[in-house]
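The structure appears below as structure tokens.
Taken together, the values in this text are just the output of simple stated rules run on the coordinates, not laboratory data. This one's a predicted model, so the numbers in the text were calculated from it and none came from an experiment. We place every Cβ from the backbone using ideal geometry, glycine too, and count neighbours over all the protein chains shown.
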Amino acid sequence: MTPMRPAEAAAGVETLVEDPRWAEVDLPRLADRAAAATLVHLGLGPADWEIAVLGCSDARITDLNATFRAKPRPTNVLSWPSEDRAPGTPGAAPAAPDPAEPELGDVALAFETCAREAEAAGKSLGDHATHLIVHGILHLLGHDHETEADAARMERLEAEILGKLGLPDPYS
């Protein structure tokens, strides 16, 4: 079990808001919308999969980053896939998840870091958080940015998904 998933979560997105400042962007709505767009883009039915999203503070994500990655500092987003779905070949598409195992994993967002990054980029917090949720869900599905080929594939997918949501390409 990953850090935030309730034992009896239903299919869909379960959002836990620990930091009340996330209310200003309605994080549960953003998470549902971003997850649905990501899953549909990849040919997966949104109601068939389980994802947990945590809206927390920099202090909480620092603790999580220290515990799970041995990096005791804040970051914008963390993800915990329920299993390793990464392909063996750089730039290749990960295998589709097994429908018999609907739990994809968990994603956490840190409010202060996300707000700082959004302000620095001249974006709304909601748009930036949506991008980070898409990014985190792609990690749950086996995408990463460890090699140039993997990063190019992941960035292309993010731009396509965000475009379908009416948001600009964050990499252009």
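Short to long, the 10 Å bins of the Cα pair-distance histogram for the range 82-168 hold 16, 41, 34, 8, 0 percent of all pairs. Antiparallel beta bridges, as assigned by DSSP with both residues in the chain, represent about 30 percent of the total such bridges.
Scaling the Cα radius of gyration of the chain by the globular reference 2.2 N^0.38 Å produces a ratio of 0.96. The fewest-to-most ranking of PHE111, PHE68 by surrounding Cβ atoms within 10 Å reads PHE68, PHE111.
For the range 27-98, the fraction of alpha-carbon pairs lying more than 20 Å apart is 46 percent, rounded to a whole number.
As a check on your grasp of the helix formula, calculate [θ] at 222 nm for the chain: sum -39500 (n - 2.57) over DSSP H runs of n ≥ 4, divide by the residue count, round to the nearest 500. Computed mean residue ellipticity for the chain: -13500 deg cm²/dmol.
The mean sequence separation of alpha-carbon pairs under 8 Å and at least six residues apart, normalised by the residue count of the chain, gives a relative contact order of 24 percent.
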